[in-house]
Amino acid sequence: MKISRASRKLLSLVMICTLLMAIATPAAAQGAEYQEEGSTATRAGLGVASFLATIPYGVTKVAFAAGGGIVGGLAYLFSGGDSQTAKNIWTTSMYGTYVITPDHLKGDKAVRFLGVAEDNADPYLEETRY
(Lines give C-alpha, C1' and ligand atoms only; values in the text may rest on other atoms or scores of the structure.)
Protein backbone atom coordinates (compact mmCIF):
# COMPACT_ATOMS: atom_id res chain seq x y z
CA MET A 1 0.00 0.00 0.00
CA LYS A 2 1.51 3.28 -1.15
CA ILE A 3 0.70 6.57 0.55
CA SER A 4 0.48 9.57 -1.72
CA ARG A 5 2.71 12.58 -1.23
CA ALA A 6 -0.27 14.78 -0.30
CA SER A 7 -1.40 12.26 2.31
CA ARG A 8 2.04 12.18 3.85
CA LYS A 9 2.13 15.98 4.04
CA LEU A 10 -1.32 16.06 5.64
CA LEU A 11 -0.37 13.36 8.11
CA SER A 12 2.83 15.23 8.99
CA LEU A 13 0.89 18.44 9.52
CA VAL A 14 -1.65 16.70 11.78
CA MET A 15 1.14 15.10 13.81
CA ILE A 16 2.97 18.42 14.24
CA CYS A 17 -0.23 20.20 15.29
CA THR A 18 -1.04 17.42 17.76
CA LEU A 19 2.44 17.62 19.24
CA LEU A 20 2.25 21.41 19.54
CA MET A 21 -1.14 21.18 21.27
CA ALA A 22 0.20 18.55 23.67
CA ILE A 23 3.11 20.82 24.55
CA ALA A 24 1.17 24.09 24.66
CA THR A 25 -1.69 22.91 26.90
CA PRO A 26 0.43 22.09 29.98
CA ALA A 27 2.60 25.14 29.33
CA ALA A 28 -0.44 27.42 29.29
CA ALA A 29 -1.78 25.87 32.48
CA GLN A 30 1.63 26.16 34.12
CA GLY A 31 1.98 29.76 32.95
CA ALA A 32 -1.08 30.79 34.95
CA GLU A 33 0.51 29.73 38.24
CA TYR A 34 3.67 31.74 37.54
CA GLN A 35 1.95 35.00 36.65
CA GLU A 36 2.58 36.60 40.02
CA GLU A 37 6.01 35.08 40.69
CA GLY A 38 8.95 37.17 39.51
CA SER A 39 9.47 39.03 36.30
CA THR A 40 8.77 37.79 32.82
CA ALA A 41 12.52 37.52 32.19
CA THR A 42 12.95 35.35 35.29
CA ARG A 43 10.13 33.04 34.26
CA ALA A 44 11.46 32.84 30.72
CA GLY A 45 14.96 32.12 31.99
CA LEU A 46 13.67 29.34 34.23
CA GLY A 47 11.71 27.90 31.33
CA VAL A 48 14.73 27.87 29.05
CA ALA A 49 16.97 26.46 31.78
CA SER A 50 14.47 23.71 32.58
CA PHE A 51 14.24 22.81 28.88
CA LEU A 52 18.03 22.69 28.53
CA ALA A 53 18.37 20.64 31.72
CA THR A 54 15.66 18.23 30.58
CA ILE A 55 17.49 17.27 27.39
CA PRO A 56 20.46 15.40 28.93
CA TYR A 57 18.52 14.38 32.05
CA GLY A 58 15.54 13.07 30.07
CA VAL A 59 17.72 11.07 27.68
CA THR A 60 19.55 9.52 30.63
CA LYS A 61 16.28 8.75 32.45
CA VAL A 62 14.68 7.16 29.38
CA ALA A 63 17.79 5.02 28.78
CA PHE A 64 17.79 3.99 32.44
CA ALA A 65 14.08 3.12 32.29
CA ALA A 66 14.57 1.09 29.10
CA GLY A 67 17.45 -0.79 30.70
CA GLY A 68 15.33 -1.39 33.78
CA GLY A 69 12.54 -2.76 31.61
CA ILE A 70 14.92 -5.24 30.03
CA VAL A 71 16.55 -6.22 33.32
CA GLY A 72 13.13 -6.57 34.98
CA GLY A 73 11.99 -8.85 32.18
CA LEU A 74 15.12 -10.98 32.54
CA ALA A 75 14.64 -11.07 36.32
CA TYR A 76 11.09 -12.32 35.76
CA LEU A 77 12.33 -15.09 33.46
CA PHE A 78 15.27 -16.16 35.62
CA SER A 79 13.29 -16.06 38.88
CA GLY A 80 10.80 -18.58 37.52
CA GLY A 81 8.03 -16.07 36.91
CA ASP A 82 8.24 -14.13 40.18
CA SER A 83 6.38 -10.95 39.23
CA GLN A 84 7.25 -9.14 42.47
CA THR A 85 10.95 -9.32 41.64
CA ALA A 86 10.31 -7.82 38.21
CA LYS A 87 7.96 -5.15 39.62
CA ASN A 88 10.59 -4.01 42.12
CA ILE A 89 13.05 -3.43 39.30
CA TRP A 90 10.47 -1.85 37.00
CA THR A 91 9.14 0.50 39.68
CA THR A 92 12.60 1.71 40.65
CA SER A 93 13.75 2.24 37.08
CA MET A 94 10.60 3.40 35.29
CA TYR A 95 8.90 5.66 37.82
CA GLY A 96 10.33 9.02 38.83
CA THR A 97 10.88 12.40 37.24
CA TYR A 98 11.35 12.54 33.47
CA VAL A 99 11.07 16.30 32.83
CA ILE A 100 12.82 19.06 34.76
CA THR A 101 10.42 21.94 35.41
CA PRO A 102 11.02 25.44 36.80
CA ASP A 103 9.67 24.15 40.15
CA HIS A 104 12.50 21.62 40.22
CA LEU A 105 15.06 24.33 39.51
CA LYS A 106 13.64 26.58 42.23
CA GLY A 107 13.69 23.69 44.73
CA ASP A 108 9.90 23.59 45.16
CA LYS A 109 9.74 19.98 43.90
CA ALA A 110 12.15 17.11 44.36
CA VAL A 111 13.80 15.50 41.34
CA ARG A 112 13.37 11.75 41.76
CA PHE A 113 15.57 9.80 39.36
CA LEU A 114 14.58 6.51 40.99
CA GLY A 115 10.93 5.62 41.39
CA VAL A 116 9.32 4.61 44.66
CA ALA A 117 6.90 1.72 45.07
CA GLU A 118 3.40 2.64 46.25
CA ASP A 119 3.73 0.95 49.64
CA ASN A 120 7.10 2.68 50.22
CA ALA A 121 5.92 6.09 49.01
CA ASP A 122 6.33 9.12 51.23
CA PRO A 123 2.86 10.73 51.54
CA TYR A 124 4.46 14.16 51.98
CA LEU A 125 6.16 14.15 48.59
CA GLU A 126 3.98 15.08 45.65
CA GLU A 127 6.08 13.29 43.10
CA THR A 128 6.43 9.68 44.23
CA ARG A 129 5.48 7.70 41.14
CA TYR A 130 5.73 10.07 38.20
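Could you state how much accessible area Arg43 has, in square angstrom rounded to the nearest 10, with a 1.4 Å probe and all protein chains kept in place?
Surface accessible to solvent at Arg43 totals approximately 70 Å².
Using modelled backbone amide H atoms (1.01 Å from N, in-plane), which distant-in-sequence or interchain residues come within less than 5 Å of Arg112's amide H?
Under 5 Å from the amide H of Arg112 lie the amide H atoms of Thr97, each far enough along the sequence or on another chain.
The values are calculated or read from the model by the stated rules, or taken from the named source; none is laboratory data. Everything numeric here is computed off the predicted structure, so don't read it as measured data. We work out accessible area using only protein heavy atoms, side chains counted, and drop any ligands, DNA or RNA first. Shrake-Rupley method; radii C 1.70, N 1.55, O 1.52, S 1.80 Å.
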